[in-house]
Every structure is written in structure tokens, then in C-alpha cells.
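One structure is given below, encoded as C-alpha cells.
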């Protein structure tokens, strides 16, 4: 019988010591933090923000990161006249990234797939839940309606609908952001490394089986 031990992926981001109040009133501040590549489907996050605007939500999107898709994305924004709602902020230092995550209402993640979804946990550590596609990795880093939102389908329409459904529920929003923040603490390397080291030590102490 084989035994499997799951060890979580660690993050360097220090969880906020306490959460300040964040209301959903006023502009809805969305953020996308990633390498700008085709598999990340950044244009889906832009379309999601546009759909929210079309439904009367004063939403804005800040895109942090660089990559091969940057010029195509800028062109997309320009062609659809979305410069007033989408801002490209480029590469950010860790403190700058953390501040952007902290001030945002939701991290959007529309990737084709992720090994885990590291930036989801980083956003959670800053008290910001994620709204993601139901793809591999993202459904593990975001627990649906517990630490964030997971759309029914991989489409901007579905993700926008998912957000719209919960926008007027301040109690729900505060509940998931607190849960996300609390859960993120268990993924810091200070918590993960002892588990990993103990497991490696236990494996090293096992007798070597002879062939």
C-alpha cells in the first residue's frame, strides 16, 4: 500500500497582522497580477471588467506584470476604448505589489491552468479574495464561496455574473476575505518548511529496501 503526504506550497508574503475595513461601496477595484502570456488569458479579465461596467458596476482593473502579450493587450484595450477602466502598472516591487493587492477588492485569475495559484494566496494574505476560473490549480488555491469566488464556466460572462451575484452582500464579502486571510497564514514558509523537513527526515530514517 502506498502512502501519500501532501505538503502545501509556501509563500514569502507576510500576512497582514490585522485587516482594515473594506467596503464594496464606491469603485470596485479589481487587480490582475501575472506574467502577461497567452495562457493567462488576461483579455478575459479585461472583458470581465467591461461586462461589469455594462451592468452598472463602477469597476476598474489594474494589470501588474510584464510579458510577451503586453503590446497585444494594450492594443485590445485601445481598440475597445477601455483606457478609462484598465490600467497597466507594469513590474512592481514586492512592497508595491502587496499594497496594490491590499487596496483591491478582488484578484481576478483567468488562466488556462495553474500548478497552484501562488498569487491567489499572496492576495489572500493582504486580505483580498480572488475571483477565478474553475481550472486546475485555481480551484485548489481558492475554495468556492469560502475564501473566494469560482465561476461556473471559463468565460468572462460567467465570471462577471459570479461577481455581480455577490456584490451587494457585504456580510458574505467580509466573511470570505477573513477566511482567505486566515487560511493564507498556513501557507507561509515558516509554517510549511517544518512540515516538509519533518517528512524528509522521516523518509531518511527508513531502511533502504534491497532489490
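Taken together, the values in this text are just the output of simple stated rules run on the coordinates, not laboratory data. Since this is a predicted model, take the numbers as computed values, not measurements. Positions of Cβ are generated from backbone atoms using ideal geometry, with glycine treated the same way; all protein chains shown enter the neighbour counts.
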Check: Highest GNM mean-square fluctuation, the chain, Cα pairs closer than 10 Å: which of 93, 161, 69?
Finding: 93
Next item on the list: Please report the relative contact order for the stretch 28-204, taking Cα pairs under 8 Å with a sequence separation of at least 6, and give it as a percent rounded to a whole number.
Entry: 20
Note to self: Can you give me the angle between helix 70-79 and the longest principal axis of the chain, using Cα atoms only, in degrees from 0 to 90, rounded to the nearest 10?
What the structure shows: 30
Next item on the list: Could you list 21, 44, 109 in order of exposure, starting from the residue whose Cβ has the fewest other Cβ atoms within 10 Å?
Entry: 21, 44, 109
Margin query: Springs between alpha-carbon pairs under 10 angstrom, Gaussian network model over the chain: which of 160, 45, 130 fluctuates most?
Written below: 160
Next item on the list: With no solvent and one equal point scatterer per Cα, compute the Debye intensity ratio I(q)/I(0) for the chain at 0.10, 0.14, 0.18 Å⁻¹ and report its log10, rounded to two decimals.
Entry: -0.45, -0.81, -1.28
Note to self: How tilted is helix 42-54 with respect to the longest principal axis of the chain? Cα atoms for both, answer in degrees (0 to 90, nearest 10).
What the structure shows: 50
Next item on the list: For the stretch 92-174, just say rounded, prolate or oblate: build the C-alpha gyration tensor, square-root its eigenvalues into a ≥ b ≥ c, call rounded for a/c under 1.5, and beyond that prolate if a/b exceeds b/c, oblate if not.
Entry: oblate
Item checked: Packing rank of 123-129, 177-183, where each peptide gets the mean count of other beta carbons within 10 Å, highest leading -> 123-129, 177-183
